[in-house]
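The structure appears below as structure tokens.
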Amino acid sequence: MYSDTVMDHFKNPRNVGEIENPDGVGEVGNPVCGDIMKIFLKIENNVVVDAKFKTFGCGAAIASSSMATELVRGKTLEEAWELSNKAVAEALDGLPPVKMHCSVLAEEGIHKAINDYRVKKGLEAWVEKNSHSHDHSEDLTCNH
Amino acid sequence: MEAQRTIYMDHSATTFVKPEVVDVMIPYFTKHFGNPSSLYGIARDSKKAIDVARVQTAKALGADPYEIYFTSGGSESDNWAIKGVALANRKRGNHIITTRIEHHAVLHTCQFLEKEGFDVTYLPVDQYGLVDPSELEKAITEKTILISIMYANNEIGTIEPIADLGAIARKHKVYFHTDAVQAVGNIPIDVKMQNIDLLSLSAHKFYGPKGVGALYIKKGVRIENLIHGGGQERRRRAGTENIAGIVGLGKAIEMATADIPGHNAKIRSMRDRLIKGVLDTIPNTRLNGHKEKRLPGNFNVSFEFIEGESMLLWLDDAGICASTGSACTSGSLEPSHVLLATGLPVEISHGSLRLTLGDANTDKDVDRVLDVLPKVVKKLRDMSPLYYKSGKEGGSNV
Ligand code: FES
């Protein structure tokens, strides 16, 4: 049911682990199925120089964490903030509809880690543009 | 890489069909294919074959042959028993009692009847998944027309005190249905001694074919038909008979009930070694279900800090077929209603794994699972933010 890319990132997840003295940390929980993702960022001169994750969740959640951390590495904070869950899912060659919410977790985790950094720096937290919490209708396709 | 053997440990989901069963079925596809309702010779052959299967099935349950009705499987049998009794007895009352841990074929049927004006009581279970007979007795009112309680649970394997529950139903003159889909072949059943009025079974859980099952209806039970049409099954269940399937069911149930204690001893010893091996080597692990009152092949375990689907994917990678009660695989994205009913916290239900052993397994399979599973759990725990938080390297099992 998963694409080869999802299975590759699930089986050989990139960037698993923690960063010592991270500049930003974001822990998010999944309201849909109850899973948890924690993102760690190392930021230098407004650029994400390292990103790591720890995830308690399904194959799609682990693959999304792996892909999202890959995608934000080397990006400016502004670019990293723009990373959408759809972009993560596309980079994974698609996710089953019922698993789209797992990629939302990755987007939210990155956002939270970025804002954690900004607040610690005395900057204003950025505001979520499109809240996904209203958007579960399409994610929650019933399998029956 | 050498090709790895598939290790099938999901016998509660379905079983392979035994070669002896396939052998007796084949002539009914090719040679004796006649419609049993017709009059010519080959049709009489099919009719006779169905009669034989009915006797085999009745014998396995301690029933009379005319109390056995063939259906398309467990779900149809459950639907028929519950809707049929509810509709035929609604003048007497509109109250049905069942439990929180039933299969969806029972739960969703009861929910449907609630929309149609019936009241349903869903009995709780204890931490092992057991129904308390005194709770059942308390729930009975003068409006109660049906009690439906599963014989053994498909997820955690808990075996319910069916004879006690049946006796209470009998005492209060309420019809008693049991979904015995997981029980047949694993537990000796005697519908007369156990006060069972209706019993559902499904062939593909005991090495028979899919798409065929039966409903035992005790003589005299008032029940409406579910499938209307022709006069098959003594006018109770319409539709041209699935002859080959019915023949397969008959053979399979005969084989499955020939030596239940002997068969169970073999499965149970493999299963017990698996349970011990897993609980001894993997910390923060708990056994779900009851220690003794459980199906011989059932092992249901929760690993804290990890999620079930990711476990299944890794096990599949090693050729091991298993299942989980995790929300992430449930379609509804909610964890198993059975585990939640036993009081297991949501996040621990999430990390549940069910391995159900049967005739496809050998001791080597157990060795291999005991080799692979600890590695899988470790790998996933190492990437779990919960494990990191708990700061636990070791820990005791419950
Ligand atoms: S994290 Fe639960 S479904 Fe993906």
Using only the alpha-carbon atoms, how far is helix B:363-382 inclined from the longest principal axis of chain B? Give it as 0 to 90 degrees, nearest 10.
60
Separation between Cα centres of the stretch A:73-113 and the stretch B:1-71, rounded to whole Å:
52
What's the exposure ranking of B:His204, B:His350, going from fewest to most Cβ atoms within 10 Å?
B:His204, B:His350
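Mean separation of Cα pairs under 8 Å and 6+ residues apart, divided by the residue count of chain B: what relative contact order is that in percent? Walk me through the numbers on the way to the answer.
On the way: 811 pairs, mean separation 86.0, N = 398.
Relative contact order, chain B: 22 percent.
If you take the beta carbon distance between B:Asp272 and B:Asp382 as r and set R0 to 41 Å, what does 1/(1 + (r/R0)^6) give as a FRET efficiency, to the nearest 0.05?
Working: r = 29 Å, r/R0 = 0.71.
Once the sixth-power term is evaluated, E becomes 0.90.
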Average beta-carbon neighbours from other chains, 10 Å sphere, peptide A:30-38
6
In debye to the nearest 20, how big a dipole does the stretch A:4-120 give about its Cα centre with +1 on each Lys and Arg Cβ and -1 on each Asp and Glu Cβ?
200
Against the longest principal axis of chain B, how steep is helix B:260-281, in degrees 0 to 90 to the nearest 10, with axes from Cα atoms?
20
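When B:Asp382, B:Asp280 are ordered from fewest to most other Cβ atoms inside 10 Å of their Cβ, what list results?
Details: B:Asp382 14, B:Asp280 11.
Ranked by crowding around the Cβ, least crowded first: B:Asp280, B:Asp382.
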Only counting other Cβ atoms within 10 Å, I'd like A:Ser65, B:Ser326, B:Ser384 sorted with the fewest neighbours first.
B:Ser384, B:Ser326, A:Ser65
Rounded to 0.05, the calculated FRET efficiency for the beta carbons of A:Lys86 and B:Lys143 at R₀ = 51 Å is 0.45
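Using only atoms on other chains, find how many Cβ atoms lie within 10 Å of each Cβ of peptide B:321-333 and report the average. Can you show the working numbers first?
Numbers: counts 0, 0, 0, 1, 0, 5, 7, 13, 5, 3, 6, 6, 14.
If you average over the peptide's residues, the count of other-chain Cβ atoms is 5.
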List the residue ranges in chain A for DSSP H helices whose C-alpha atoms run 24 angstrom or more along the long axis and whose Kyte-Doolittle average is -0.5 or above.
A:100-120
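Which value in deg cm²/dmol, rounded to the nearest 500, describes the helix-derived mean residue ellipticity at 222 nm for the protein assembly as shown, given -39,500 (n - 2.57) per DSSP H run of n ≥ 4 and division by the residue count? Could you put the intermediate results ahead of the total?
Numbers: 21 runs with 221 residues, N = 542.
Per the formula, -12000 deg cm²/dmol.
Taking each residue of B:310-317 in turn, how many C-beta atoms of other protein chains fall within 10 Å of its C-beta, and what is the average? Display every interim value, and only then the final one.
Details: counts 11, 2, 2, 9, 3, 0, 0, 3.
Mean shielding count: 4.
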Computed over chain B: longest principal axis from alpha-carbon atoms vs helix B:74-88 long axis, angle to nearest 10 degrees, is 50
Using the Karplus curve 6.51 cos²θ - 1.76 cosθ + 1.60 with θ = phi - 60°, work out ³J(HN,Hα) for each residue of the stretch B:187-192 in order, rounded to whole Hz, and write x for Gly and Pro.
9, x, 10, 9, 4, 6
Run the numbers on the stretch B:35-98 and let me know its relative contact order in percent, using alpha-carbon pairs under 8 Å that are six or more apart.
14
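Computed from the coordinates by the stated procedures, all read-outs in this text should not be read as laboratory data. Keep in mind that what you see is a predicted model, and the values were worked out from it rather than measured. Virtual Cβ from ideal backbone geometry, glycine too; neighbours counted across all protein chains shown.
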